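Note sheet for the following structure.
The values are calculated or read from the model by the stated rules, or taken from the named source; none is laboratory data. Nothing here was measured: the structure is a model prediction, and the numbers come from that model. Don't worry about glycine lacking a Cβ; one is built from the backbone with ideal geometry, like all the others, and counts go over all protein chains shown. Note: accessible area is taken over every heavy atom of the protein model, side chains too, but ligands, DNA and RNA are not part of it. Shrake-Rupley method; radii C 1.70, N 1.55, O 1.52, S 1.80 Å.
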Amino acid sequence: MEKVPMTPEGHAALSEELSHLKSVERPKISKEIGVAREHGDLRENAEYHAAKEKQGMIEARINEIEDKLSRAEVIDPSSFTGEKVRFGAHVTMEDVDSGKVLDYRIVGPDEADLEKGTISVTSPVARALIGREPGDEVTVNAPGGKKTYEITKVRWR
């Protein structure tokens with residue numbers, strides 16, 4: 001079984017989602033199915049079929065989260081130091097061509113959210129950054145072509 005790397009925050013968020021699904025969403029959908037069942041013929045009961053479909057999606061998500069949590073490798077980067085890029089690092093880099101400054105934190109696949117400035121450790125950018133230091137240039141094969149970045153700062157805040 002392959003381990004799933006995640007930060008303590010990511011682990012807590014998944015655990016909270018799992019708890020919510022089990023304690024709130026699962027009972028709620030069971031009630032919805034019961035109410036829809038009371039409306040008669042199940043073959044032509046759209047509410048019933050929609051509720052059953054929603055139940056299936058909730059159960060699938062519960063199973064997915066339980067699987068990830070069982071394989072979780074929680075890595076706490078708060079104790080990390082140094083300038084080498086590793087899991088959990090906040091990396092500031094500059095696009096060599098445009099001069100645009102980017103700042104990302106390298107996290108587990110389930111925590112990645114570009115709008116929040118986090119990228120998956122399995123992404124091409126993160127894979128290119130791992131093991132590098134400020135001053136290093138990295139080239140990434142992006143969908144729009146090759147991009148070259150210079151690492152300017154590594155933080156562990």
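Just wondering, is there one or more residues in segment 3-12 that are part of a loop (DSSP other than H, G, I, E, B), more than 22 Å from Lys116 (Cβ to Cβ) and of a type in the set (D, E, K, R)? Give the derivation first.
Narrowing segment 3-12 to residues part of a loop (DSSP other than H, G, I, E, B): 3, 7.
Retained after the next criterion (residues that are more than 22 Å from Lys116 (Cβ to Cβ)): 3.
Narrowing further to those that are of a type in the set (D, E, K, R): 3.
Within segment 3-12, one or more residues are part of a loop (DSSP other than H, G, I, E, B), more than 22 Å from Lys116 (Cβ to Cβ) and of a type in the set (D, E, K, R).
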Inset, instruction - Identify all residues within segment 73-85 that are modelled with pLDDT under 95 and buried (at least 17 other Cβ atoms within 10 Å of the Cβ); write none if there are none. - result: Ile75, Pro77
Legend entry - Any chance Ser123 is of a type in the set (Gly, Ala, Ser), at pLDDT below 95, within 22 Å of the chain's Cα centre (by Cα) and open to solvent by less than 80 Å² (accessible area, probe 1.4 Å): yes
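Within segment 6-31, count every residue that is open to solvent by 70 Å² or more (accessible area, probe 1.4 Å) and either touching an Asp or Glu at 6+ places or on another chain (Cβ under 8 Å) or under 30 Å from Gly108 (Cα atoms) (or both). I'd like the intermediate steps shown before the answer.
So the first thing to find is which residues in segment 6-31 are open to solvent by 70 Å² or more (accessible area, probe 1.4 Å), and the list is 9, 16, 20, 22-23, 26, 28, 31.
Pick out the ones that are also either touching an Asp or Glu at 6+ places or on another chain (Cβ under 8 Å) or under 30 Å from Gly108 (Cα atoms) (or both) and you get 9, 16, 20, 22-23, 26.
Total satisfying the criteria: 6.
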Legend entry - Members of segment 19-43 found to be among the aliphatic types (A, V, I, L, M) and without any contact (Cβ under 8 Å) to a residue 40 or more places away in the chain, listed by number: Val24, Ile29, Ile33, Val35, Ala36, Leu42
Legend entry - Matching entry among Ser78, Ser15 (being in a helix (DSSP H, G or I), among the polar types (S, T, N, Q) and under 30 Å from Gly131 (Cβ atoms)): Ser78
